[in-house]
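Here is the structure we will look at, set down as structure tokens.
Derivation of every value follows stated rules applied to the coordinates shown; laboratory data play no part. Just so it is clear, the model here is predicted, and its values are computed rather than measured. With ideal geometry, Cβ positions are generated from the backbone for all residues, glycine too; neighbour counts draw on all protein chains shown.
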Amino acid sequence: MLRSVILAASRSSRVERLVETAPLSRNVVRRFIAGDGADDALRCTRELVGKGLAVTIDYLGEDTTTAAQAEATRDEYLNLLDALAAAELTPAAEVSVKLSALGQVFDEKVAYEHARAICGKATEAGTTVTLDAEDHTTTDSTLEVLARLRVDFPTTGAVVQAYLRRTEADCRELAAAGLRVRLCKGAYKEPESVAYQSRLDVDKSYVRCLNILMSGPGYPMIATHDPRLVAIGEDRAKWFDRTPDEFEFQMLYGVRPEEQLRLAHLGYTMRVYVPYGTQWYAYMMRRLAERPANLTFFARALRSRK
Ligand SMILES: Cc1cc2nc3c(=O)[nH]c(=O)nc-3n(C[C@H](O)[C@H](O)[C@H](O)COP(=O)(O)OP(=O)(O)OC[C@H]3O[C@@H](n4cnc5c(N)ncnc54)[C@H](O)[C@@H]3O)c2cc1C
């Protein structure tokens, strides 16, 4: 119930204005977001890579409605990739991209062309791109764009969401040789007709999808903070004889940082998803919806200013 209310608020521009202008919001979001600019993302990436972690960087922003905004997002990624290469942070750092930030909402072709330019630059920089999964109305379009990108950029990563009923079938399609697939639970508010609603059903779907990906010929990226699912991931790696370079774990910046280091020290690749930019509102609200404790932390910080 609380999750639904927060996720509904994540799409409200009135609540957005209220939260963005609230005193201390910025300090609170720093726990989950590297900072406003590419320099912040680079500094954060350098620190994480120095600790033995891998990184995927996300330039915040979604549901772009103008061609100019979509171009600006593309250019930000191109500059970021140049900067990552110059700082010798590739291949440990790659980028995560939301097609809705590249114009998918108003023209899928525009989003494809921008994503293509980003994939080209990433290849030049010696790294990869992963296409984030957004709400279910975009899934078909995103998978179509991904299939086209993979013709020239076969390492482009897919993301699948275990809460969607369709995802087991998508995993079978996507788990081809060498292909990178991130499995997450899913972060949007979705109707019962397309998505499992209970935690138990989502977790069971996650394990079924994990089994498909870990037993197949692709490269699974296990994105979760859930201790039970991390343990099942480790287990499946043993069952299916996967060495640590044949899959990876992923977690979000600011969430369970000690667990991130523990897994890296065991020899696994642990990739941290590092968001940066000024458009942090929707991302932040999804993090709050996932964990009521984060909401308490947020509310306490806002109150403490008074
Ligand atoms: C790298 C990465 C990329 C992602 N990309 C996408 C994407 O493209 N599209 C999308 O829809 N979603 C994405 N997500 C978000 C994802 O779908 C989930 O919403 C999010 O990860 C929360 O689910 P969870 O698996 O961590 O489990 P949850 O059900 O949120 O948590 C399960 C358990 O994990 C533990 N836990 C969780 N958070 C904490 C914490 N802060 N401190 C201590 N313990 C904690 C607790 O034991 C909790 O009960 C991504 C997540 C990650 C990690």
Practice problem: Can you spot the lysines whose alpha carbon is less than 16 Å from residue 121's alpha carbon? Ignore those fewer than 8 places along the same chain. | Solution: none
Self-check item: the chain, helix-only ellipticity at 222 nm - DSSP H runs n ≥ 4, -39,500 (n - 2.57), divided by all residues, nearest 500
Solution: -16000 deg cm²/dmol
Quiz item: So how much slack lies between residue 36 and residue 113, counting 0.36 nm per residue of separation and subtracting their Cα-Cα distance, in nm?
Solution: 25.1 nm
Quiz item: How far is it, in nm, from the label point at residue 239 to the one at residue 67 when both lie 7 Å from their Cα along the line to the Cβ?
Solution: 5.1
Quiz prompt | Computed P(r) (all Cα pairs; the chain; 10 Å bins; percent) | solution = 6, 27, 38, 24, 4, 0
Self-check item: Point-charge dipole on Cβ atoms (K/R +1, D/E -1) for the chain, about Cα centre, debye to 20
Solution: 1340
Practice problem: For the pairs 204/238; 51/204; 109/204, note any where the Cα-Cα span goes beyond 24 Å. | Solution: 51/204; 109/204
Quiz prompt | Among 138-144, 234-240, 93-99, the order from most to least packed when residues are scored by Cβ within 10 Å on average | solution = 93-99, 138-144, 234-240
Quiz item: How many angstrom separate the Cα center of the stretch 55-79 from the Cα center of the stretch 163-226?
Solution: 26
